[in-house]
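The values are calculated or read from the model by the stated rules, or taken from the named source; none is laboratory data. Since we're looking at a predicted model, the values are computed, not measured. Methodologically, a virtual Cβ is constructed for each residue, glycine included, from the backbone with ideal geometry; neighbour enumeration extends over all protein chains shown. For the accessible areas, the whole protein counts, side chains as well, though only heavy atoms, and no ligand, DNA or RNA atoms are used. Shrake-Rupley method; radii C 1.70, N 1.55, O 1.52, S 1.80 Å.
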Amino acid sequence: MRHFTWRRDQRHRPGLQFLTSTGRHHGAESLEESRVLLALDFAGEAVDVISQPLKISFGTCGKRRTHTPDYLAVTRRGVWLIDVRPEPLIKEADRESFAAAAEMAVACGWRYAVAARWREHAFAGLDAMASRRRLRSVPLGLRPVLLAEAGGGRGFGELAAATGSEPVARAQLLHLLWSRQLGVDLAGPLQETARS
């Protein structure tokens, strides 16, 4: 709907975020939007994501206003219209825009969400796993060993150290977590003792 522009003096940080689920880069106007894209990619259900897909025109208090939601995410379980705004920055005008977007989403048979707040540790773990999401090689044949050993209830660090090739094993473990070949409880921080 809108073009992403970059200037030296701007206060936000636009950019492109690559999603393995779509195989393309997607526009983001801020770090918060990039984080939402990363979370959508990790969820593993995204089929396509469109940045700033449409402009909504609505009336409020006798005035006409417009609003452009941040993302339209087509997933295997439905379509989501998503706005991204950190909770401390949400003003009354934003709430009105979000309400209009939610009504429009319902009318289209979509779901609607505002990404406003995350658990403090969420993106450190996602970022660590995303750094190894596109591993192509399996040096030393470690993946089958890690998958077999993971059932023993060992922690992340303990499992990596048991292979004798800890740095390579850590990269492979992060890839296995990203691709959901191994699971881990992300309710807490990803750390050495995290169990798969």
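What percentages, rounded to whole numbers, describe P(r) for region 28-105 computed over all alpha carbon pairs with 5 Å bin width beginning at zero?
Distribution as computed: 3, 14, 24, 23, 19, 10, 4, 2, 0 percent.
Note down the magnitude of the dipole of region 70-155 about its Cα centre, charges +1 on Lys and Arg C-beta and -1 on Asp and Glu C-beta and zero elsewhere, to the nearest 20 debye.
In total the dipole reaches around 660 debye.
Residue by residue, what Karplus-based ³J(HN,Hα) values in Hz, rounded to whole numbers, does region 13-30 have, using 6.51, -1.76 and 1.60 with θ = phi - 60° and x for Gly and Pro?
3J(HN,Hα) across region 13-30, in whole Hz: 10, x, x, 10, 10, 7, 10, 5, 5, 9, x, 9, 8, 10, x, 9, 8, 7.
With angles folded into 0 to 90 degrees, how steeply does helix 166-178 sit against the dominant principal axis of the chain? Use alpha carbons for both and round to 10.
40
For region 146-196 and region 46-123, what is the separation of their Cα centres, given in Å?
35
Enter the accessible area per residue of the chain (Å², integer; probe 1.4 Å; all protein chains in place).
58
Two-decimal Rg/Rh of the chain from alpha-carbon positions, Kirkwood Rh?
1.06
Name the residue farthest towards the positive end of the dipole of the chain from the options SER137, GLN52, LEU176, assuming +1 on Cβ of Lys and Arg, -1 on Cβ of Asp and Glu, about the Cα centre.
The residue sitting most towards the positive pole is GLN52.
Work out the length of the dipole vector of region 27-70 about its Cα centre, built from +1 on the beta-carbon of each Lys and Arg and -1 on the beta-carbon of each Asp and Glu, and round it to the nearest 20 debye.
In debye, rounded to 20, region 27-70 gives about 520.
Place a +1 charge on the Cβ of each Lys and Arg in region 39-196 and a -1 charge on the Cβ of each Asp and Glu, then give the dipole magnitude about the Cα centre in debye, rounded to the nearest 20.
Dipole of region 39-196, to the nearest 20 debye: 360 debye.
Normalising by the residue count of the chain, find the relative contact order in percent from Cα pairs under 8 Å and 6+ residues apart.
Taking the mean separation of contacting Cα pairs over the length of the chain, I get 14 percent.
If I stretch the segment between VAL106 and LYS55 completely, what's the gain in nm (0.36 nm per residue apart, minus their alpha carbon distance), one decimal?
Working it through step by step, the gained length comes to 16.8 nm.
What part of the accessible area of region 109-196, given as a whole %, is carbon or sulfur when the probe is 1.4 angstrom?
After summing per-atom areas, the C and S share lands at 51 percent.
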